[in-house]
Amino acid sequence: MITENKELKKLNTLGLKAKARWFAQPADVASIKRVLSDTRFKGMPILVTGSGSNLLYSKDFNGLLIRPDITSITVTGEDKNSVYLRAGAGVNWDTFVAYCVDRGWGGVENLSHIPGCVGASPVQNIGAYGSEVADSVVSVEFIDLETHKESSLSNDECRFGYRDSIFKRELKSKTIITYVTFCLSKYPVINANYADVAAELSGLKEPGLYDVRKAIIDIRKRKLPDPEVIGNAGSFFKNPVVPEDMAFKLKNENSSLKVFSAQSGFSKIPAAWLIEQCGFKGKRFGNVGVHPNQALVLVAYEGATGEELINLAHSIQKSVLDKFSIEIEPEVNII
């Protein structure tokens, strides 16, 4: 079904008012191709979205917004140690995690309670608490927006990096992801390397997948606001990766700073710490603000506009750059 002048307030977790000139929610590959072939949309800009958990609408979208609604999960193969699952792009991400944990299959439990859909997960290589989706992805299937041809990329071909993939670079705005195939372990190894997770599990002798999932959900609920209560897009900024010597010089000057290893010669610094040091945590500016429990989360109160959020983001970026000579980049997509 194709809708004209679709209101998007309930289709983005920031709760910003915006409209799409045209909106389609195709439930299978054939339907996606029919929408793409519709002559009404020839030459029109196309935006592909899932749950809208990583979008900031600065204005109405004068084009075709496609929200794939492929919601199947299929076991496509298994061996002694692993099971392979092919999940549709429209499957709610946390529903998929629960599906795996319920069956004792490990690999994505540390990514519990992350908003969004399966189709969006490889785009920015979602990650949390020592895990990334790239650790479990086997392949990603998609349709080319120009040729309408179906293709697939292997894990290596996706060129995953920290909050990054080929879908954010060379293939940005050129594809619709339809399915993602994952490899899960039948003999999962519990990853409790993060201090918060370890503390949450400290009373358990042999924690299992359910315990890890519950611990992470509890942590995230304490730290992050519910989009149903107050508009937000989760982490607004990426954690910056800086040269190792710069990170450790900063740590030596600030005992409260935690530094994490990244690729060789580089370290990752928590953007939340940088923002907090600049005095933004818990502050409100008109109809927008910074969450009091997590400085990485910008919130949109009732009546907020995309422009207000963008202005706040720019102020934060400038303050961090002025104080620490570090650039922080938005994780959300600004439309």
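The values are calculated or read from the model by the stated rules, or taken from the named source; none is laboratory data. What you see is a predicted model, and the numbers here were worked out from it, not measured in a lab. Cβ: placed from backbone, ideal geometry, glycine included. Neighbour counts: every protein chain shown.
Observations on the structure shown:
- Single unsatisfied condition, Asn54 versus (1) touching a Ser or Thr at 6+ places or on another chain (Cβ under 9 Å); (2) in the same structural domain as Gly161 (by TED's automatic domain parsing): (2)
- Residues that are under 20 Å from Ile335 (Cβ atoms), of a type in the set (S, T, N, Q) and over 17 Å from the mean Cα position of the chain (by Cα) do occur in the range 62-78, at least one of them.
- Number of residues in the range 167-198 that are surrounded by 20 or more Cβ atoms within 10 Å (Cβ to Cβ), under 21 Å from Ala87 (Cα atoms) and over 19 Å from the mean Cα position of the chain (by Cα): the value is 2.
- Single match in Tyr162, Tyr129 (criterion: within 24 Å of Ala233 (Cα to Cα) and either modelled with pLDDT of 95 or more or crowded, with 19+ Cβ neighbours inside 10 Å (or both)): Tyr129
- When Phe324, Phe285 are checked against the criterion of being surrounded by 18 or more Cβ atoms within 10 Å (Cβ to Cβ) and more than 21 Å from the chain's Cα centre (by Cα), a single residue qualifies: Phe324.
- Looking only at the range 215-242, and only at residues there that are over 19 Å from the mean Cα position of the chain (by Cα) and without any contact (Cβ under 8 Å) to a residue 24 or more places away in the chain, the one that is nearest to Ser185 (Cα to Cα): Ala215
- Members of the range 212-259 that are farther than 22 Å from Ala120 by Cα and among the basic types (Lys, Arg): Lys214, Arg222, Lys223, Lys249, Lys251, Lys258
- The strands (runs of 3 or more DSSP E) found entirely in the range 72-158 that carry 2 or more residues being more than 30 Å from Lys42 (Cβ to Cβ) and touching a residue at least 12 places away in the same chain (Cβ under 8 Å) are 73-78, 82-88, 137-144.
- The range 224-279: number of residues that are among the aromatic types (Phe, Trp, Tyr) and under 10 Å from Leu296 (Cα atoms): 3
- Residue count, the range 43-54 (criterion: under 17 Å from the mean Cα position of the chain (by Cα) and closer than 18 Å to Leu171 by Cβ): 5
- Test for Val242: is it within 24 Å of Ser58 (Cα to Cα) and either surrounded by 14 or more Cβ atoms within 10 Å (Cβ to Cβ) or of a type in the set (Lys, Arg) (or both): no
- Taken over the range 177-219, the criterion of being part of a loop (DSSP other than H, G, I, E, B), touching a Ser or Thr at 6+ places or on another chain (Cβ under 8 Å) and among the polar types (S, T, N, Q) is satisfied by Asn191 alone.
- Tallying residues that are part of a loop (DSSP other than H, G, I, E, B), among the charged types (D, E, K, R) and either more than 12 Å from Pro68 (Cβ to Cβ) or touching a Lys or Arg at 6+ places or on another chain (Cβ under 8 Å) (or both) within the range 9-34 yields 1.
- Some residue of the range 40-52 being out of contact with any strand residue (DSSP E or B) (no Cβ under 7 Å at 6 or more places or on another chain), at pLDDT below 95, assigned to a loop (DSSP other than H, G, I, E, B) and within 14 Å of Gly306 (Cβ to Cβ): yes
- Residues in the range 183-215 that are touching a helix residue (DSSP H, G or I) at 6+ places or on another chain (Cβ under 8 Å) and under 30 Å from Ser152 (Cβ atoms) were compared, and the one that is modelled with the lowest pLDDT is Asn191.
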